[in-house]
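One structure below.
The values are calculated or read from the model by the stated rules, or taken from the named source; none is laboratory data. Model, not experiment: these values are computed from the prediction. Glycine gets a Cβ as well: all are built from the backbone with ideal geometry, and neighbour counts include every protein chain shown. Only protein heavy atoms, including side chains, enter the accessible area calculation; ligands, DNA and RNA are left aside. Shrake-Rupley method; radii C 1.70, N 1.55, O 1.52, S 1.80 Å.
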Amino acid sequence: MSLESARPRGRPVPKEILNIVGTALAVFLAVFLGSLLVSVIPPESKSVWFTAGAFLTPAAAMFALYWLIAQKF
């Protein structure tokens, strides 16, 4: 018995688990960046549209990153 065959081999992580973890991370990052943008804005210049844009901009960036990754794999 060779040394190589005696080593336990780990099972690869299923792609579904990687997709779930990646999606959760992207959602968390988009919400974090959106809330960070909203908290930096002075209260007198806040509007509903700016708040929506602050959350949608990171979400759009996360979607673009997802789309690029999906095109390569």
Inset, instruction - Compute the acute angle (0 to 90°) between the alpha-carbon long axis of helix 15-40 and the principal axis of greatest extent of the alpha-carbon atoms of the chain; round to the nearest 10°. - result: 20 degrees
Inset, instruction - Per residue, how big is the convex hull around the C-alpha atoms of the chain? Give it to me in cubic angstrom, could you? - result: 113 Å³
Legend entry - Computed magnitude of the charge dipole of the chain (debye, nearest 20; Cβ of K, R +1, Cβ of D, E -1): 320 debye
Inset, instruction - Give the carbon-plus-sulfur fraction of the accessible surface of the range 23-73 in %, rounded to a whole number; probe 1.4 Å, heavy atoms of protein chains only. - result: 80 percent
Legend entry - Accessible surface, the chain, averaged per residue in Å² (probe 1.4 Å): 90 Å²
Inset, instruction - Normalising by the residue count of the chain, find the relative contact order in percent from Cα pairs under 8 Å and 6+ residues apart. - result: 33 percent
Inset, instruction - Would you please state which residues of the range 48-72 a label at residue 29 would reach in this model, taking the label point 7 Å out along Cα→Cβ and a backbone N cut-off of under 20 Å? - result: 53-72
